[in-house]
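To start, the structure itself, in structure tokens.
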Amino acid sequence: MSTIAERGYAHPDKLVSTDWVAENLNNPAIRIIESNEDELLYPSGHIPNAVEVDWTKDLNDPVRRDYLNKDGFEALLGRLGVTPETTLVFYGDKNNWWAAYALWVFELFGHTNTKLIDGGRLKWQQEGRELTREVPTFPPTVYTANERNDAPVRAFRQDVLAHVESAGQLVDVRSPAEYSGELLHMANYPQEGALRGGHIPNAKNIPWSKAANGDGTFKTAEELTALYVGEQGLNPQADVITYCRIGERSSHTWFVLNYLLGFNNVKNYDGSWTEWGNLVNVPIEK
């Protein structure tokens, strides 16, 4: 396989290889962060010196459906021993769904010195690399964050409604069965969370997995362009909103369009289908 630098990405610095990670396990300027759907994975074994960020406990407001505030973000990063200059390298299960999701949330606070491990946890394990159960500790820091700014990368329901009315570009990254309304979640998951199935009008169904190879690494820029622009007709210069069921799979596609292909303006609608499928009097297609 070609190296990350050879794949033609708009921002190749947003990805690192497993070899790069292995060489930087003890680099104090880098913090490796694991974020998974399966909460049992990290304690069962993780990359040495990696810390865990649990999307439910660490990134979400404990009461309302929203993310943590500035104070909460500062406390989290201070606990992880991070400064604004620290390079944060994310990885996780499900081909980096949750890692991309965590990276996206961190960018709401302006911490853009972030990267994904190409291939995530799957590739690290397939290569037989070391996993440890030892949980690292780092000296706490006093982290000063920006006020959370959702506008550049996050879409809310009113933004999506306006986008639909103006015939804007939408990408539904769920499975075809979810897109058609046959399922409310992926197969083998509880079929709950929304009262109605289907998709937002005019959304193109481009499952997130089409951007990844079998080992979880990202396809080349040429392959991705052929998929999103050539096959699906997306305009990189026009605004795009991605969505799925709760925003984690669509964070993966947001990362692809924003950083690997350099689309002009991509936002992730994290309310996604659990919100849209429960709203009264919004347009739905099947």
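The values are calculated or read from the model by the stated rules, or taken from the named source; none is laboratory data. Remember, it's a predicted structure, so these values are computed and weren't measured experimentally. Methodologically, a virtual Cβ is constructed for each residue, glycine included, from the backbone with ideal geometry; neighbour enumeration extends over all protein chains shown.
What tally of residues in region 98-151 results from selecting those that are touching a residue at least 60 places away in the same chain (Cβ under 8 Å) and within 15 Å of the chain's Cα centre (by Cα)?
15
From 168, 181, 120, grab the single residue that is small (Gly, Ala, Ser) and closer than 25 Å to residue 60 by Cβ.
120
Can you go through 165, 147, 192 and tell me which one is among the charged types (D, E, K, R), assigned by TED's automatic domain parsing to the domain that holds residue 241 and more than 26 Å from residue 93 (Cα to Cα)?
Testing whether each residue is among the charged types (D, E, K, R), assigned by TED's automatic domain parsing to the domain that holds residue 241 and more than 26 Å from residue 93 (Cα to Cα) leaves just 165.
Before we move on, is residue 259 more than 11 Å from the chain's Cα centre (by Cα), among the hydroxyl-bearing types (Ser, Thr, Tyr), more than 22 Å from residue 220 (Cα to Cα) and modelled with pLDDT of 95 or more?
Taking the combined requirement at face value, the residue does not satisfy it.
Right, residue 165: farther than 30 Å from residue 79 by Cβ and either touching a helix residue (DSSP H, G or I) at 6+ places or on another chain (Cβ under 8 Å) or β-branched (Val, Ile, Thr) (or both) or not?
The answer is no for residue 165.
Only residues that are free of Cβ contacts under 8 Å to residues at least 40 places away in the same chain, under 15 Å from the mean Cα position of the chain (by Cα) and farther than 19 Å from residue 120 by Cα: list them for region 199-243, please.
None; the set is empty.
When you go through (1) part of a helix (DSSP H, G or I); (2) out of contact with any Cys (no Cβ under 7 Å at 6 or more places or on another chain) one by one for residue 250, which number turns out not to apply?
So the condition that residue 250 fails would be (2).
When region 128-162 is examined, which residues are found to be within 30 Å of residue 258 (Cα to Cα), among the small types (Gly, Ala, Ser) and in a loop (DSSP other than H, G, I, E, B)?
145, 151, 155
Taking into account only those residues within region 1-12 that are in contact (Cβ under 8 Å) with a residue 24 or more places away in the chain and surrounded by 14 or more Cβ atoms within 10 Å (Cβ to Cβ), which is nearest to residue 94 (Cα to Cα)?
Here the residue is 4.
Here's a check for you: in region 18-35, which residue that is among the charged types (D, E, K, R) and out of contact with any Lys or Arg (no Cβ under 9 Å at 6 or more places or on another chain) is farthest from residue 95 (Cα to Cα)?
Looking at residues that are among the charged types (D, E, K, R) and out of contact with any Lys or Arg (no Cβ under 9 Å at 6 or more places or on another chain), I get 23.
Can you confirm whether residue 190 is closer than 20 Å to residue 97 by Cα and surrounded by fewer than 22 Cβ atoms within 10 Å (Cβ to Cβ)?
Details: closer than 20 Å to residue 97 by Cα: yes; surrounded by fewer than 22 Cβ atoms within 10 Å (Cβ to Cβ): yes.
Here the answer is yes, as residue 190 does meet what is asked.
Out of (1) touching an Asp or Glu at 6+ places or on another chain (Cβ under 6 Å); (2) more than 25 Å from residue 102 (Cα to Cα); (3) surrounded by fewer than 21 Cβ atoms within 10 Å (Cβ to Cβ), the odd one out for residue 198 is which?
(3)
Would you say residue 231 is within 16 Å of residue 104 (Cα to Cα) and either surrounded by fewer than 23 Cβ atoms within 10 Å (Cβ to Cβ) or charged (D, E, K, R) (or both)?
On the way: within 16 Å of residue 104 (Cα to Cα): no; either surrounded by fewer than 23 Cβ atoms within 10 Å (Cβ to Cβ) or charged (D, E, K, R) (or both): yes.
So residue 231 fails the test.
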